[in-house]
Amino acid sequence: MINKVYIEYLLLKDDQQSLEQVLVLIQPKLLAFACSILKNQSNAQDALQDSLMSIVKGVKKLKDHRKFHAWIYQVTRNKCLDMLRKNKKHNNLSDIDSIPEPIGVDGQIDSKLDMMSMINQLPHKQKQVIHLFYYDGFNVIEIAQILNKPAGTIKSLLFDARQTLKQLLGE
């Protein structure tokens with residue numbers, strides 16, 4: 001997981017080299033997030049490029065660097081939604097398999113792939129909340145800011161997603 005404190009430190013340095021380091025650090029997570037929304041690697045890369053340009057232009061306007069992480073995900077989400085609106089004929093095929101997964105012990109790889117396939121069976125809103133909570137490490141309040149929803153709705157989506165995953169696991 002990306003160290004949020006280190007990224008905030010780089011942002012406080014307020015120079016071009018530090019901003020470039022931040023962009024390199026956040027790019028893989030934002031790409032995975034865009035893929036989870038768009039279900040297409042090529043479209044996700046396009047949305048990511050648009051997002052990065054908006055982030056570079058808008059980072060100077062950001063008053064509280066602690067809100068940077070929620071803000072960049074919100075920018076990326078909005079760019080993805082813009083792309084979905086433009087492409088009414090959205091392709092539902094997923095290229096997300098081409099995103100590298102962390103490699104662990106052999107048995108863990110199979111269980112991770114099983115869990116990923118179960119998460120992909122969840123409704124879109126639940127899948128998005130699970131991704132932000134477990135994979136990106138955001139808390140409920142930050143997810144609520146990113147998705148422009150009340151914290152109670154996020155808690156409910158997390159609960160429902162966990163219940164569905166338990167049923168899929170047979171527990």
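The values are calculated or read from the model by the stated rules, or taken from the named source; none is laboratory data. Everything numeric here is computed off the predicted structure, so don't read it as measured data. Using ideal geometry, Cβ is built from the backbone for each residue, glycine included, and neighbour counts are taken over all protein chains shown. Surface areas here come from the heavy atoms of the whole protein model, side chains and all, with no ligands, DNA or RNA. Shrake-Rupley method; radii C 1.70, N 1.55, O 1.52, S 1.80 Å.
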> Restricting the stretch 12-46 to residues that are in contact with a Ser or Thr (Cβ under 7 Å, 6 or more places away or on another chain) and part of a helix (DSSP H, G or I), which is farthest from Tyr135 (Cα to Cα)?
Replying inline: Gln41
> Just checking, how many residues over the stretch 47-74 are of a type in the set (Asp, Glu) and not in a helix (DSSP H, G or I)?
Replying inline: 1
> Hey, Val22 hits all of (1) under 29 Å from Gln126 (Cα atoms); (2) open to solvent by 30 Å² or more (accessible area, probe 1.4 Å) but one; which does it fall short on?
Replying inline: (2)
> Has the stretch 134-145 got any residue that is among the hydroxyl-bearing types (Ser, Thr, Tyr) and either modelled with pLDDT of 85 or more or open to solvent by 80 Å² or more (accessible area, probe 1.4 Å) (or both)?
Replying inline: yes
